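Trainee: Here it is, the structure, as structure tokens.
What follows draws every value from the coordinates through simple rules; no lab data is involved. What you are looking at is a predicted structure, and each value in this text was computed from that prediction instead of being measured. We place every Cβ from the backbone using ideal geometry, glycine too, and count neighbours over all the protein chains shown.
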Amino acid sequence: MACSPETIEKIAALLKGTNLQDLLSPQHVVILKDSATVEQSLKTLASKRILSSPVVAVPDVDAQPSGCGCLAPLFAPVPSGAHWPQEKGLAGNHQILGFLDVRDVLSSFLAELDGCGDLPKMKMLQKMRLLEEQGSSFATTALKNLKVFGGDGDFLHTSEAAQTSVLDVIVNGLLNPGDRGWHKGKHIVTGTVHRVAIYDSLFRITNIISQTDIIKFISMNKDELGELASKTAAELGWASRPVVTVGPDVSAIEAMLLMNERQISALAIVDGVGKIIGNFSVSEMRTIMAEHFGALALPVGEFLALEHGTEFQGYSHIHEHEVVQSKGHK
């Protein structure tokens, strides 16, 4: 059942009438240098329990350290007027490289494994050894050398943020970034982005607005949604696509390969009769670190239990002493 014109009008008025600036609040923004290694970067993200961070090219060792939120030493004075970094040639100098998220790291790792054998056909122990060996080398890779990088997010000047409505951010930013020429990085897994960084005239990144922030804003104003607030996902047309599933015995690395192949960000874990018993997504890997690459050989249910420090009852028949004692399983 479609929403009434009045409800649609109220929602549109709310989103059009609210500037992005109204959603901003003081933040400490974690920034990574392009010279940081995969291992260093994953530790930083895991310690903050975040999935992503802006990455900048630091020209010398005297520049501001990671996490300071300040890009001032990297740029000449900002040209007048609202702009995106790449419109004034700044991104062309590779000084703002984009966002790094955990999926970029894992996708780059999968690219490194290309040619290392048929992972689905390998036994668990063989797979684990391969991932540990390749992971040790990959962990030392600098962010600027990753094969997949920087597509899931972009940058907006504060003067533009003050003139941009929440609706504009949703439609022309998060959902259709290509329409406004946003920075695409080396690869975009999907056609949407999850976050936008706001920077000021001194090139300090002051805020990051994510899809989650937009959803929280809408939730805080749910009274404006009228009958829309009580509709189910199916009634809204969000349940029309089939859910991609894997069994709990599929390895985590194979699940990652499937997500990349289907260009999706999550899989449902189902039991033998098709009942959903878990969820495997990028969000579940916000605490993954380089030493966990070997654990990607584990069944996806076991891997999630390991990451969350719990026990997975749905798949618990790993008793091989050599596997249990391996570095990837600890």
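Trainee: How large is ³J(HN,Hα), in whole Hz, for each residue of the range 222-233 in order, when computed from phi with the Karplus curve 6.51 cos²θ - 1.76 cosθ + 1.60 and θ = phi - 60°, using x for Gly and Pro?
Mentor: Result, ordered by residue: 5, 5, 7, 7, x, 5, 4, 5, 9, 6, 7, 4 Hz.
Trainee: HN-Hα J couplings of the range 37-48 from phi, Karplus 6.51/-1.76/1.60, θ = phi - 60°, integer Hz, Gly and Pro as x?
Mentor: Values per residue, Gly and Pro as x: 7, 4, 4, 4, 5, 5, 5, 5, 4, 5, 5, 8 Hz.
Trainee: Add +1 for every Lys or Arg and -1 for every Asp or Glu among the other residues with Cβ under 14 Å from the Cβ of residue 227, and state the total.
Mentor: Values: positive: 10, 222, 231; negative: 6, 9, 223, 224, 235.
Once all neighbours under 14 Å are counted, the net charge is -2.
Trainee: Out of residues 5 or more away from residue 98 or on other chains, whose amide H comes under 5 Å of its own, with H placed 1.01 Å from N in the peptide plane?
Mentor: 55
Trainee: Pull up all non-local amide H partners of residue 165: gap of 5 or more, or a different chain, and H-to-H distance under 5 Å with H placed in the peptide plane.
Mentor: Those lying under 5 Å, H to H, from residue 165 are 20.
Trainee: Further question on the same structure: In the structure displayed, which of 43/144; 147/216; 127/275 lie more than 22 Å apart, Cα to Cα? Don't skip to the end; give the middle numbers.
Mentor: Details: 43/144 17 Å; 147/216 33 Å; 127/275 28 Å.
The answer is 147/216; 127/275.
Trainee: Rank-order 217-226, 154-163, 25-34 by packing density, defined as the average count of other C-beta atoms within 10 Å over each peptide's residues, highest first. Provide the component values of the computation, followed by the final result.
Mentor: Working: 217-226: 13.4, 154-163: 19.2, 25-34: 15.5.
The most tightly packed comes first, giving 154-163, 25-34, 217-226.
Trainee: HN-Hα J couplings of the range 98-107 from phi, Karplus 6.51/-1.76/1.60, θ = phi - 60°, integer Hz, Gly and Pro as x?
Mentor: So the J values, rounded to whole Hz, are x, 9, 9, 10, 4, 5, 4, 5, 5, 5.
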